[in-house]
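One structure is given here, and the rest of the page talks about it.
Quick note: the coordinates plus some simple rules give every number you see, no bench work behind them. This structure is a prediction, so every number in the text was calculated from the model and none was measured. Ideal geometry is used to build each Cβ from the backbone, glycine not excepted, and the neighbour counts take in all protein chains shown.
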Amino acid sequence: MSLKTTFIYPGIAGRGWNSLKQGMDAGWISHGLASLSAAAKAQGFEIDLIDLRALSGWDQFREVLAERAPDVVGVTMMSVDYNPARQAVAIAREVLPDVITVIGGPHVTIALQDSLRIPHVDYLVTGEGEITFPQLLQAIAEGRRPPHRVLRGEPPDLDAIPFSDRDLFLEEWKKWGYDLDSPEVPFVEELPPPFATIIAGRGCIYNCTFCKPGEDYLFGKRVRRRSVDNVLAELRYLVDRYHLASFMFHDDCLTEDREWVMEFTERYIAEGFNLPFFCQTRADIVVKHEDMVERMVRAGLRGYFIGFESGSDRVLKFIRKGTTVAQNLEAARICKKYGIAIWANYMMGLPTETKEEVMETVRMMKEIDPDYYSPAFFTPHPGTDLYDFVVEHDLSRITDYDSYRRNPTEPKIRGQDYEFLRWAMAESQRRKPWNAFRRWARRQWRRIRRVTPAKVLRRLGIGVRSALAVRCGGL
Ligand code: B12
Ligand code: SF4
């Protein structure tokens with residue numbers, strides 16, 4: 001029996017329906033599904049995708065699903081995707097009563113009991129799916145359906161699995177009007193299109209209370225990194241296939257493995273790569289390894305995502321971040337020294353956080369003066385120690401899965417004054433006059449440098465040739 005599988009990406013909690021191309025939330029692929037697709041296709045299975053972000057609503061989803069008529073539907077879900085994922089499964093069963101439904105992803109792994117309550121789900125895969133999902137398809141194809149609903153995914157050797165199937169998303173998006181010449185939507189001016197995201201490893205060795213241990217259930221406590229050879233081979237492939245011009249490492253903290261980064265950057269430079277890239281790091285690492293920062297910049301690093309989180313040392317300790325405010329400020333200074341853009345992640349409204357501590361964050365952000373602000377209201381995510389703390393102390397104000405977004409939109413916990421937090425959030429992004437002026441002057445300078453005599457003449461409505469003719473005529 002040849003099986004046809006349709007993956008469903010339910011990520012409409014952020015930008016909603018019809019949102020393709022709207023920033024990273026609606027313009028980046030799910031590496032989970034793209035990797036599963038590559039693994040299943042490598043074993044001969046037929047895979048396609050329905051991305052809810054491309055559609056107009058549930059009616060259209062019904063129509064498209066009926067047209068595709070898959071034998072198996074595979075849905076990925078973070079906690080925030082729970083409602084659309086549940087709805088997608090229900091509709092799949094209604095439209096195609098015999099379809100086999102499978103769910104996986106962070107929420108299924110971290111909150112299995114909760115996921116087991118979703119009706120119409122035949123199989124739940126926890127952990128990583130590249131080995132287990134194709135095995136499940138094979139069993140279904142041979143008519144030996146596993147008796148147990150919950151399957152524990154076997155972690156794959158990351159060098160042995162095929163590269164993410166980016167065409168799964170790109171080909172589907174194009175059907176719905178995606179017209180960018182880029183496999184994913186670029187998000188900062190430092191990274192020109194064609195742009196893509198890439199993952200060099202899975203897991204994180206740190207232990208922040210707002211994040212862990214959930215991810216350990218997914219990827220294990222140790223970090224598994226791909227070989228430098230394997231990552232460079234993927235970059236080479238992306239350049240050939242999509243004319244890649246820039247990229248972003250999705251790894252939770254690429255720089256925690258200094259040896260890997262040093263080897264990667266050395267080979268990247270030696271092999272003639274010069275694509276600009278961003279990655280995620282931590283303030284303490286930037287401070288401790290300035291030589292590594294310098295090397296990364298030489299290779300093409302243009303920006304760091306840094307979780308500064310708070311301007312209070314007490315709060316940083318409470319969330320087990322393992323960094324200090326002094327390190328945050330020093331890391332920002334080092335980034336500026338090397339001309340690295342700073343994408344600043346930080347939070348407000350943590351349990352036990354006082355207004356004075358929030359103001360310390362406001363003051364810290366004014367000192368850091370990042371290029372990109374990424375503020376969040378603390379949100380208790382299932383599977384984290386801070387979620388347990390919030391439940392134990394009866395602090396949660398989250399009444400629906402849609403609220404598992406960190407973005408500062410609505411109240412998340414009791415004991416915080418969200419009107420004040422909204423003000424503080426806005427104030428944290430108001431630059432000091434001198435910083436604002438410096439940035440304005442730098443922008444103008446960049447603009448002036450881009451102006452060539454030909455561009456000025458064109459603006460004046462004089463073509464270069466006619467301008468030359470005028471000049472020559474004047475001689
Ligand atoms: C890149 C990233 C993003 C990107 C892109 C997300 C995307 N399109 O996938 C952006 C920036 C947009 C993003 C946004 C958010 N993210 Co995010 N993100 C990540 C990050 C860093 C990497 C994701 C990734 O590619 N992982 C690698 C792939 C291979 O792993 P995977 O997706 O889990 O897939 C594997 C398994 O889960 C399983 N699997 C997955 N799906 C399926 C389906 C089936 C059928 C099967 C069988 C198996 C299976 O097999 C896959 C292969 O092994 C992770 C942390 C991490 N390291 O994973 C956080 C993470 C997934 N994000 C998280 C969160 C909270 C968010 C936001 C809610 C944050 C916010 N802004 O409020 C939003 C929500 C976006 C939305 N849906 O609206 C949390 C999720 C926690 C949870 N309990 O759900 C994570 C785990 C980070 C964390 N520790 O807090 N995110
Ligand atoms: S917040 Fe970042 S550094 Fe901390 S455990 Fe999570 S991924 Fe690791």
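Key figures
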| item | result |
| --- | --- |
| Net charge of neighbours whose Cβ lies under 11 Å from the Cβ of THR354, counting Lys and Arg as +1 and Asp and Glu as -1 | -3 |
| Relative packing of peptides 148-157, 34-43, 411-420 - highest average C-beta neighbours within 10 Å first | 34-43, 411-420, 148-157 |
| Of LYS432/LYS455; LYS21/LYS321; LYS288/LYS321; LYS21/LYS432; LYS212/LYS432; LYS288/LYS412, pairs whose Cα-Cα distance is over 23 Å | LYS432/LYS455; LYS21/LYS321; LYS21/LYS432; LYS212/LYS432; LYS288/LYS412 |
| Alpha-carbon centroid distance for the pair the range 206-260 / the range 108-169, whole angstrom | 21 Å |
| Computed helical MRE - 222 nm, the chain, DSSP H runs ≥ 4 contributing -39500 (n - 2.57), nearest 500 | -13000 deg cm²/dmol |
| Overall dimensions of the range 341-471 by Cα: Rg and Dmax, Å | 23.6, 81 |
| Residues LYS212, LYS337 arranged by fewest to most Cβ contacts within 10 Å | LYS337, LYS212 |
| Overall form of the range 180-430 per C-alpha gyration tensor (a/c, 1.5; a/b vs b/c) | prolate |
| Residue exposure sequence - GLU357, GLU309, GLU271 - by fewest surrounding Cβ within 10 Å | GLU271, GLU357, GLU309 |
| Hz values of 3J(HN,Hα) by residue in the range 79-86 - Karplus curve (6.51, -1.76, 1.60), Gly and Pro given as x | 4, 5, 8, 3, 4, x, 5, 4 |
| Cα shape, the range 4-152, gyration tensor, a/c 1.5 rule | rounded |
| Net charge of Cβ neighbours under 12 Å - reference LEU395; Lys, Arg +1; Asp, Glu -1 | -1 |
| Net charge contributed by nearby residues that have their C-beta within less than 14 Å of GLU63 (K/R +1, D/E -1) | 0 |
| Tail beyond 31 Å, pair distance distribution of the chain (Cα, percent) | 49 percent |
| Rounded to 5, percent antiparallel among DSSP beta bridges of the chain | 10 percent |
| Residues with amide H under 5 Å from that of TYR346, placed H, sequence gap 5 or more | GLU309, SER374, ALA376 |
| Rounded, prolate or oblate (a/c below 1.5 giving rounded, otherwise prolate when a/b exceeds b/c) for the range 192-326 by Cα gyration tensor | prolate |
| Packing rank of 313-325, 443-455, 177-189, where each peptide gets the mean count of other beta carbons within 10 Å, highest leading | 313-325, 177-189, 443-455 |
| Order of ILE91, ILE340 under a 10 Å beta carbon neighbour criterion, fewest first | ILE91, ILE340 |
